[in-house]
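All of the numbers you see were taken from the coordinates with simple rules; none came from a lab. Quick caveat, the model's predicted, so the values are computed rather than measured. Don't worry about glycine lacking a Cβ; one is built from the backbone with ideal geometry, like all the others, and counts go over all protein chains shown.
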Amino acid sequence: MRKYNFLLVMLVAILAISCSQSSSDTQVSNLGTKWHWDKGTIVIETPERPTGQTSVIGLKAPKMEFVRVGFVGLGMRGPAAVERFTYIPGVEIVALCDYEKERAEECQKLLKKASMPEATVYSGEKGYEELCKRDDIDLVYIATDWLHHFPVAMCAMENGKHTAIEVPSAMSLKECWALIDMSEKTRKHCMILENCCYDWFEMNTLNMAQQGVFGEVIRAQGAYIHNLDEFWDYYWKKGKDDKLGWRLEYNMKHRGDVYATHGLGPVAQALNIHRGDRMKTLIAMDTKSVIGKDLVEKRTGKACNDFRNGDHTTTLIRTENGKVIEIQHNVMTPQPYNRLYQLTGTKGLANKYPVEGYALDSNQMSASGMKPKVDNLTSHNFLPENEMKTLVEKYQHPILKKYGEMAKEVGGHGGMDFIMDSRLIYCLQNGLPLDMDVYDLAEWCCLAELGELSMDNNCASVAFPDFTRGEWNKIQGYKHAYATQEEEADSMEKAKAFTEKLKEKVNLGK
């Protein structure tokens, strides 16, 4: 009887502890996200879609004969974007904004050089708010420091503007959800400006993957490995007391892959993420901080014992359909630039860094419509130069055929920036869905906070929230949208006529 009473007491105690644990189960991340454990995995709840909002998957806006643009952030990336836009027909640069007025005014020279009208200049901490309130701007192009991407984008959409945001476009899950809700509420585009999706190798390889050249792609790699040693001192500083600059300070305060999108964006498209598949769970791991810590100590003259980000971060992701993605981040150690772009398929492989090439055997080459000239061609080695050239020519992406030559002349990371900007304007002028939407933005940017959660909890598994709220399988396969030849010709004719009139007015006024 005593034994029975003892067991009963123990059972009650266990139940009490269990109830106590479940009531205090919810925890909060460093960035304010609520989460809980579920069978050893960190789970973040997907909030319900607010009443009145609907998905913006495949969102189309009314066609625009011309696109009026306001630029916010004219430091390192902004001026080059302004110059690129002067080459795109049907664009008027209406406003220029930067915290420092001189930098915005300096961009007037780019407009003058292109025989384009002067733009209105805005400056100061809240100058972007006045820009966004204008009723003659269709698109706000945001190239500020990371911390200002979110408030400018929210202000732009609240004021009825489409937005295009440099990477990373959101710095927390809270910001990701807010941008999603604002885009859904206002029915305005919110595009992540991920230029690496438009690089030559990535675009041609995407076309090959979509045509089945590699069979089923089951694994992918991406990265941003770029030693920033010569750049740290050029990042904008708040004043003379700011010894670090915004980017080094952010790496000091935050852990995780804070710049994941260059590596993740292109492989996410090849794997049809939120177009038939979704990222389900991740685990992240980093090295200790050696170089980052030393950078702070040299600049401040004080010991730094709280540098959050490791010198090298690795994130492993498993998708709903059983695919694996590996993403790496390293801006500290001395090594060659590397985005590690690689697709592993059941019938072949594509690899960009450090050796660019494709691995296919003779049978797969023939199945892809080519006659290999090399005897006994196997996938144990990369294709010889002639076979690779033939493969690339056959699968050259239509977007490269349209913009490639012009892009090489205009420039911007070899031309991929110009292709990205041209596609953005093309889709707006033709009333098409953009190449990248707000759900892409959220999925590619959330690695920072999810990775931090994983590493702060002994590299635990973390479940991705479903940013599409159950609609990741609605569209099957990633696709670029195109107008018909007739529609495209009509919109281009109107765009060129608009630009000619703009320049004519300027030239007459000289």
Summed over the other residues with a beta carbon less than 13 angstrom from that of residue 221, with K and R at +1 and D and E at -1, the charge totals +2
Could you work out how far helix 291-300 tilts from the main Cα principal axis of the chain, as a 0 to 90 degree angle to the nearest 10?
70 degrees
Of (1) 0.96; (2) 0.94; (3) 1.01, the label for Rg/Rh (Cα atoms, Kirkwood Rh) derived from the coordinates:
(3)
Looking at the chain, send over the antiparallel percent of its DSSP beta bridges, to the nearest 5.
50 percent
Cα-projected label distance for residue 41 with residue 321, points at 7 Å along beta-carbon direction, nm:
1.9 nm
For the stretch 50-164, the convex hull over Cα atoms projects on average to an area in nm² of 7.9 nm²
For helix 261-270, what angle does its Cα long axis make with the longest principal axis of the chain, in degrees from 0 to 90 and rounded to 10?
90 degrees
Cα-Cα pairs of the stretch 385-497 separated by more than 19 Å (percent)
65 percent
Counting other Cβ atoms within 10 Å, keep those with at most 15, restrict to DSSP loop, and tell me which GluC sites (Glu not before Pro) in the stretch 312-376 are left.
356
Students often check this: by mean Cβ neighbours within 10 Å, which of 274-282, 470-478, 70-78 ranks highest, and how do the rest follow?
70-78, 274-282, 470-478
Compute the helix-to-body angle for 173-186: its Cα long axis versus the longest principal axis of the chain, expressed 0 to 90° and rounded to tens.
50 degrees
So which lysines can residue 240 reach, going by Cα to Cα under 22 Å and dropping same-chain residues fewer than 8 places off?
101, 126, 253, 293, 298, 302
If amide H atoms are modeled at 1.01 Å from N in the peptide plane, then the residues at a separation of 5 or more from residue 42, or on another chain, having amide H under 5 Å from its own are 461, 462, 463
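Of all DSSP beta bridges located in the stretch 222-355, what percent are antiparallel, nearest 5?
75 percent
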